[in-house]
Amino acid sequence: MKIGILTGGGDCPGLNPVIRAVVRAAMNDSSEVVGIKYGWKGLLEKDCMPLDLRSISGILPRGGTILGTSRTNPYKKENGVETAKKNFKELGLDALIAVGGEDTLGVATKLFKDGLNTVGVPKTIDNDLGATDFTFGFDTAANIVMECIDRLHTTAESHNRIMVVEVMGRHAGWIAAYSGIAGGADYILVPEIPIDLGELCSSIKKRHERGKNFSIIVVSEGAAFKDKDLQLQEQKLDEFGHVRLGGIGEMLGKLIEEKTGYETRVTVLGHIQRGGSPTAFDRVLGTRFGVKAYELVKAKKFGKMVSLKGNEIVDVSLEEATRALRTLDPKLYDIAKIFFG
């Protein structure tokens with residue numbers, strides 16, 4: 001068999017372990033793997049590279065992706081779908097493994113319905129993809145944020161400050177909740193629950209009244225105040241209809257300082273959360289996903305996505321996986337609230 005593999009959307013730690021696992025599993029079975037460069041853009045431009053043992057040597061601990069990535073959407077390009085199908089055939093591919101989040105896998109779902117043999121691997125640091133318990137990249141991001149919160153504790157306490165930490169999370173508050181609980185944040189704000197500024201400031205004041213002279217507030221970039229729009233960096237949409245979020249931390253910091261009178265500083269972690277070497281959990285999960293993806297291709301089970309259910313790697317339909325986003329578990333947020341204030 002000749003198998004293509006691409007990585008689309010935002011980069012994250014764990015992509016290279018997936019690529020490595022697919023290549024090793026395929027080569028052990030005398031199959032050939034071709035890397036499609038820069039996501040769906042590479043398929044449209046027939047930009048690819050052979051993947052062998054030499055090309056994957058040493059990539060397990062590396063963040064990012066050796067194939068590159070983009071947010072290209074073939075369904076938004078003139079003759080994009082026809083070009084993708086033509087190039088798939090001209091490259092001699094028997095199947096294509098797409099590694100990505102809701103957008104990348106949404107394209108894989110449509111292309112499967114349009115006649116291409118596709119298999120999906122779930123990737124997003126936001127952990128918001130349906131039909132899987134965890135996506136690789138999330139654990140690394142949560143650990144990075146936790147370490148940053150740990151560091152902010154000491155400077156906040158030294159200066160008697162409120163520290164607002166803005167983290168990634170467009171639609172779901174998984175990163176904010178996990179890192180906030182692990183880092184001992186005093187308040188966590190997520191997209192699923194509108195921000196109640198009065199309640200937040202009251203909680204901060206109560207902390208100060210009992211002798212706590214600093215507070216750490218973690219807020220998802222997609223969190224919003226009641227009856228107000230999301231904070232945007234710009235109005236321009238990408239090819240999947242998304243805007244660039246950012247700014248809720250700065251707005252929140254100003255309002256907290258105005259309403260409480262306490263000096264407030266804001267830290268926006270941004271792409272730091274995406275970078276660096278993957279954790280052991282993400283290396284192993286990415287490896288297991290990659291091996292399972294090859295097994296699905298070998299069994300000709302197309303239109304499927306690999307998924308973590310409990311501790312088992314299973315397969316689910318791409319359509320099911322991309323039908324709805326997986327938002328934060330309310331029970332986890334209830335646990336977080338015990339430590340507010």
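Answer with yes or no whether Lys41 is among the charged types (D, E, K, R) and without any contact (Cβ under 8 Å) to a residue 40 or more places away in the chain.
Considered against the rule, which asks whether it is among the charged types (D, E, K, R) and without any contact (Cβ under 8 Å) to a residue 40 or more places away in the chain, Lys41 comes out as yes.
Among the listed residues Arg151, Arg170, which satisfies the condition of being surrounded by fewer than 22 Cβ atoms within 10 Å (Cβ to Cβ), touching an Asp or Glu at 6+ places or on another chain (Cβ under 9 Å), farther than 21 Å from Lys337 by Cβ and not aromatic (Phe, Trp, Tyr)?
Of Arg151, Arg170, the one residue that is surrounded by fewer than 22 Cβ atoms within 10 Å (Cβ to Cβ), touching an Asp or Glu at 6+ places or on another chain (Cβ under 9 Å), farther than 21 Å from Lys337 by Cβ and not aromatic (Phe, Trp, Tyr) is Arg170.
Can you tell which of Ala182, Ala177 is at pLDDT 95 or above, surrounded by fewer than 18 Cβ atoms within 10 Å (Cβ to Cβ) and in contact with a helix residue (DSSP H, G or I) (Cβ under 6 Å, 6 or more places away or on another chain)?
Checking each option against the conditions leaves just Ala182.
Could you list, in sequence order, all residues of segment 93-145 that are assigned to a loop (DSSP other than H, G, I, E, B), touching a Phe, Trp or Tyr at 6+ places or on another chain (Cβ under 6 Å), under 23 Å from Ile3 (Cα atoms) and among the aliphatic types (A, V, I, L, M)?
Leu116
So Asn213 fits all but one of (1) surrounded by 24 or more Cβ atoms within 10 Å (Cβ to Cβ); (2) assigned to a loop (DSSP other than H, G, I, E, B); (3) of a type in the set (S, T, N, Q); what number is the exception?
With respect to (1) surrounded by 24 or more Cβ atoms within 10 Å (Cβ to Cβ); (2) assigned to a loop (DSSP other than H, G, I, E, B); (3) of a type in the set (S, T, N, Q), Asn213 is out only on (1).
Would you list the strands (runs of 3 or more DSSP E) that sit entirely within segment 255-341 and hold 3 or more residues that are more than 25 Å from Gly63 (Cα to Cα) and touching a residue at least 60 places away in the same chain (Cβ under 8 Å)?
Output list reads 264-268.
Determine whether segment 172-186 contains at least one residue that is assigned by TED's automatic domain parsing to the domain that holds Arg207 and hydroxyl-bearing (Ser, Thr, Tyr).
Yes, segment 172-186 has at least one match.
Condition first: surrounded by 24 or more Cβ atoms within 10 Å (Cβ to Cβ), within 22 Å of Glu312 (Cα to Cα), β-branched (Val, Ile, Thr) and in contact with a strand residue (DSSP E or B) (Cβ under 6 Å, 6 or more places away or on another chain). Now tell me which residues in segment 123-148 satisfy that.
Thr135
Could we say that Val145 is under 30 Å from Lys309 (Cα atoms), modelled with pLDDT of 95 or more, more than 10 Å from the chain's Cα centre (by Cα) and assigned by TED's automatic domain parsing to the domain that holds Val266 here?
Taking the combined requirement at face value, the residue satisfies it.
The values are calculated or read from the model by the stated rules, or taken from the named source; none is laboratory data. A quick note: this is a predicted structure, and the numbers were derived from the prediction, not measured. In this analysis, Cβ positions are derived from the backbone assuming ideal geometry, glycine residues included, and neighbour counts consider all displayed protein chains.
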